[in-house]
Every structure is written in C-alpha cells, then in structure tokens.
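Report on the following structure.
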Amino acid sequence: MSRRIAVLIPCRNEAQTVERVIADFRAALPGCSAYVYDNGSIDGTGDLARAAGATVRRDERPGKGGIVRRMFAEIDADVYVLVDGDATYDAACAPRLVITLLDGDLDMVTAVRDNEGRDAAYRTGHHFGNRAFSALLGTLFGTRPADLFSGYRVFSRRFVKSFPGTSRGFEIETELTVHALEQRLPTTETPTRYFERPQGSASKLETIRDGGRILLKTVMLFKDTKPMAFFGGFAIIFGAAGLLLGASVVIEFMETRYVPRLPTAVLATGLMLLAFLSLGCGLIVDSIARGRREAKRGAYLAAGALREPPESAVAR
C-alpha cells in the first residue's frame, strides 16, 4: 500500500469486459489507480470504465502502441501494471507479479500465458505466430522470450520513464522486449492463467496485416540496435557473390590479358563496391547506435531506482 501502483488498461470496444477487468484488479491490488485509455471505442467502453471508478482518457488515433506510449508519458507511479481490457488475463496473479518486481528490484515482469490446454483461449494460429516470432527474436538478439506478445506486464518507473517507444500498433510488445534486451535490464517471466474471450468479444489483432508490421518492426529494431551485424551480413553476401563472379574473370585476364566477359566483370565490381559500402554504413551507424544506447542508459539512470518508503509510511 506504500507504493503507488497504476493499472494501465488500453481498450478499444471492450464494453463487455472493461468493468470486470477494473473490478478484478482493484480487488487484487487495493489502493491501485486504474487508468483506461479509450482508443476510439464506439460501444460505450469509456462510459462504463468511468462508472466503474477508472480514470478515463480518450484517443481517436488507432493503435495500441500509441496508446501505451501516451500512458507511459502521462501517468506517474512507482509500479505500472499493463493489461489488456478483454478479461483474458488473471487479475489474481497481479500481487505476485508486483512482489516479484519489487523483491527482485526488476524492471519488467512478463506474464507468460498458460491456457491450461484450452485451445479456445489461445488460437492455434496465434500460438504458432508467437512461437515463430519468439524464435526469430532469440536468433537476432540472443535471448528467446517465452511469450513475446503477452499483453500482461509489470514495469518499474525507471523502465517506463526511459522507454523511447515508436510503435503505433501491436508491435509495442516486441519493442518493449527488445528495449529490455538491448539495455540489459533485469527482467523475468512468470506463468499465469489465460482465459478465453467472453462470447461476442472479438480480438483486434489481424493476423496477416499485424504480423507483417511486427516482422518489419523486428527487422528495423535489429538494424537500429545491431547495425554492424545487419549491414555486415549484407557486406558478406555482396562480397561473396562478387568474389564468386569475379574470380573466373580475374583468372581469364591473367591468362589471356583480355576480359571476354565484360558484363560479368562489371557486375562483380559493383557487388564488391556494395560490400564495402555496406561495411562502411555498418561502421558509421554502429557509432550512432552506441551514442543512442548511452543516451537511453542516461535516461534510465536519471529516472532513478524506486526509493524505499519512509518508516512512518511503512508503519501506517
């Protein structure tokens, strides 16, 4: 109770479930402040949330990522609980997640969804996509998350106030994870129950469109955080192709003093130039990325660790 806990609930057309989500989290975390950001709902979600006791703000610009970024910027607390408003996450686990964060002095705790064998709760296509993207992230960044797309997370204040998010949609979970990995922040994962949506409630995730956006965002994050690996990969591909095509041309020239395959020679030369250009880009962007990492670290340290409450507050 001595900590200021904010429950952040981004919503779009969740009139069926938003009141239940607010009530469940207020019961699980007595004294918490519930914030509902209504992302252009047309079913009265905001009015129901306000009647349930939540602070409601409305944003017409579509996209979960933009809403989460606005929440992080506007709300001040010691601990932040981010959860979807569809009543699929277990509010009863919130105290355990918060205690895990505080006791371990962590910056992010991710609730790993466990549907306990209920296929209706976690659709096969979404489960496969989650595993595939988690594997891709593990390959690119060295650490594979157990549930990349979990919408149920607990954050420290220093994480929230130093997170330089740019995502507009469902890529936000990927960006949160990559930020923690890039900055080597202390995080953990813990399993929680996952429930199916109530009858008549529909997911806002469009598999093909949002999957493409998440893939593009993952590639861009890899370029921004590991530019030498990104551009170095292109340098190796272009260099290998140039050597493969140019080796025979060089051998022929050494034997005959002629270049009978001029187009091949020009193509090989172009590929080698591209290889060196890619390597040069990698070196330059790597220096820029190092400066960005230092700036992010500075913002993280400036946000400060969670201070212990005064003894009088603990006594009360």
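Structure values in brief
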item	result
Selected residue [on the phi > 0 side of the Ramachandran plot and touching a residue at least 60 places away in the same chain (Cβ under 8 Å)] from Gly63, Gly31	Gly63
Count of region 6-26 residues which are touching an Asp or Glu at 6+ places or on another chain (Cβ under 9 Å) and not in a helix (DSSP H, G or I)	10
Top-ranked residue in region 158-207 [being charged (D, E, K, R) and within 24 Å of Arg144 (Cβ to Cβ); ranked as most open to solvent (accessible area, probe 1.4 Å)]	Arg184
Any pair with Cβ under 7 angstrom, 6 or more apart, that starts in region 284-295 at a residue that is among the aliphatic types (A, V, I, L, M) and ends at one that is in a helix (DSSP H, G or I)	Val285/Pro227; Val285/Phe231; Ala289/Asp224; Ala289/Thr225; Ala289/Pro227
Residues being of a type outside the set (Lys, Arg), open to solvent by 30 Å² or more (accessible area, probe 1.4 Å) and closer than 23 Å to Glu206 by Cβ - total across region 29-65	4
Condition check for Asp76: assigned to a loop (DSSP other than H, G, I, E, B), at pLDDT 90 or above, surrounded by fewer than 21 Cβ atoms within 10 Å (Cβ to Cβ) and under 21 Å from the mean Cα position of the chain (by Cα)	yes
Given (1) surrounded by fewer than 22 Cβ atoms within 10 Å (Cβ to Cβ); (2) modelled with pLDDT of 95 or more, index of the condition Ala94 fails	(1)
Flag for Phe230 being touching a Phe, Trp or Tyr at 6+ places or on another chain (Cβ under 7 Å), closer than 30 Å to Gly65 by Cβ and surrounded by 13 or more Cβ atoms within 10 Å (Cβ to Cβ)	yes
Selection count, region 59-73, where residues are touching a Phe, Trp or Tyr at 6+ places or on another chain (Cβ under 9 Å) and either assigned to a helix (DSSP H, G or I) or modelled with pLDDT of 95 or more (or both)	8
Single match in Val81, Val109 (criterion: open to solvent by less than 30 Å² (accessible area, probe 1.4 Å), more than 17 Å from Leu221 (Cα to Cα), touching a Leu at 6+ places or on another chain (Cβ under 6 Å) and part of a strand (DSSP E or B))	Val109
Top-ranked residue of region 280-301 - restricted to ones that are among the aliphatic types (A, V, I, L, M) and open to solvent by less than 70 Å² (accessible area, probe 1.4 Å), ranked as farthest from Asp107 (Cα to Cα)	Val285
Residues satisfying the stated conditions in region 249-271, i.e. assigned to a helix (DSSP H, G or I), in contact with a helix residue (DSSP H, G or I) (Cβ under 8 Å, 6 or more places away or on another chain) and open to solvent by 40 Å² or more (accessible area, probe 1.4 Å)	Leu267, Thr269
Qualifying residues in region 144-157 (those that are open to solvent by less than 10 Å² (accessible area, probe 1.4 Å) and in contact with a helix residue (DSSP H, G or I) (Cβ under 6 Å, 6 or more places away or on another chain)) - the one nearest to Leu106 (Cα to Cα)	Val154
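Conditions (1) closer than 30 Å to Ala275 by Cβ; (2) in a strand (DSSP E or B); (3) of a type outside the set (S, T, N, Q), marked per residue:
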{"residue": "Arg184", "(1), (2), (3)": "no, no, yes"}
{"residue": "Thr190", "(1), (2), (3)": "no, yes, no"}
{"residue": "Lys204", "(1), (2), (3)": "no, no, yes"}
{"residue": "Arg213", "(1), (2), (3)": "no, no, yes"}
{"residue": "Phe222", "(1), (2), (3)": "yes, no, yes"}
{"residue": "Ala229", "(1), (2), (3)": "yes, no, yes"}
{"residue": "Gly233", "(1), (2), (3)": "yes, no, yes"}
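The values are calculated or read from the model by the stated rules, or taken from the named source; none is laboratory data. As the structure is a computational prediction, the values presented were derived from the model and not from experiment. All Cβ positions, even for glycine, are placed from backbone atoms using ideal geometry, and neighbour counts span all protein chains on display. Remember, those area values only see protein heavy atoms, side chains included, never the ligands or the DNA or RNA. Shrake-Rupley method; radii C 1.70, N 1.55, O 1.52, S 1.80 Å.
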